[in-house]
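Quick notes on the structure that follows.
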């Protein structure tokens, strides 16, 4: 169920900081019409720390209206407090939002033990009416959900998979081997996603797919069918994006890129700021390498994103 190229979608905003729901519909259609298999709403790329529960509810409702059943709809609902995370799981897994899963990151800042992580995720899964995807991103949360703990969690009802953002193929192989055939391992790192799929992952939850959905979908499809040469050829065009969409804190560069592609504005909520001028050329060159046109730049021949 959770496979292919999923996108950690940005949250478009008006200059006053309110959510731009017209742009939200536009970028959702851009994704599903270009092969994206799942939409993650209000993840870290979607400025989850700044999106209120009321805004998340509206984003999910409108997303389902736009995408229908053409792609999975996944709500990011984790917090660093187990009680509130369980409350959010109960709310956003309810039938009124029609989500296909919840994404729940390791709790940031508090740095729990592995047993604390096991109990945290087990409680959330028990509270949810839909499958739960774990999210391990120690670079943001300062805690690492280790493979033996993931293997224990894979046996908990409703825990269906993990977004693993540690770009280590050996870790992915360990997870695939220890968690069972029904447990989905998804890459959370665009730069190593192709190799991760080769190691047994079922796909990726991608930042790059925000700007290059078709290319990411094609690359992942090639990798999943074992076409290493085809996947590598596509991925080589995307490597600069994989790197340079992180020249400043995510989602600063990707929102700037989307604004210059004419899909939405570039507003972020403080304390995030617009991309610094010294990085503009780097991001534009990365888009050009991927065959993506921006304002004032012609689309490269053969672009398919």
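Just so it is clear, none of the values below were taken in a lab; they were calculated from the coordinates. The shown structure was predicted, so the numbers you read here are calculated from the model rather than taken from an experiment. Cβ atoms come from the backbone with ideal geometry, glycine included; neighbour counts cover every protein chain shown.
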Practice task
Might you check whether a residue that is farther than 27 Å from residue 248 by Cβ and either in a helix (DSSP H, G or I) or out of contact with any helix residue (DSSP H, G or I) (no Cβ under 8 Å at 6 or more places or on another chain) (or both) occurs anywhere in segment 199-215?
Solution key: no
Exercise for the section: State whether the residues of segment 224-234 include one that is within 16 Å of residue 4 (Cα to Cα), in contact with a helix residue (DSSP H, G or I) (Cβ under 9 Å, 6 or more places away or on another chain), assigned to a helix (DSSP H, G or I) and touching a residue at least 40 places away in the same chain (Cβ under 8 Å). Expected result: yes
Fill in the blank from the handout: Of the residues in segment 5-16, those that are buried (at least 22 other Cβ atoms within 10 Å of the Cβ), in contact (Cβ under 8 Å) with a residue 60 or more places away in the chain and in a loop (DSSP other than H, G, I, E, B) number 3
Handout entry: Residue check for residue 72: in contact (Cβ under 8 Å) with a residue 40 or more places away in the chain, touching a helix residue (DSSP H, G or I) at 6+ places or on another chain (Cβ under 9 Å) and over 26 Å from residue 111 (Cα atoms)
Key = no
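For every residue, the table says whether it meets (1) surrounded by 21 or more Cβ atoms within 10 Å (Cβ to Cβ); (2) more than 25 Å from residue 71 (Cα to Cα); (3) touching a strand residue (DSSP E or B) at 6+ places or on another chain (Cβ under 8 Å); (4) free of Cβ contacts under 8 Å to residues at least 60 places away in the same chain.
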| residue | (1), (2), (3), (4) |
| --- | --- |
| 123 | no, yes, no, yes |
| 164 | yes, no, yes, yes |
| 193 | yes, no, yes, yes |
| 216 | yes, no, yes, no |
Fill in the blank from the handout: Residues of segment 17-54 being surrounded by fewer than 16 Cβ atoms within 10 Å (Cβ to Cβ), touching a residue at least 12 places away in the same chain (Cβ under 8 Å) and either outside any helix (DSSP H, G or I) or touching a strand residue (DSSP E or B) at 6+ places or on another chain (Cβ under 6 Å) (or both), in sequence order, are 17
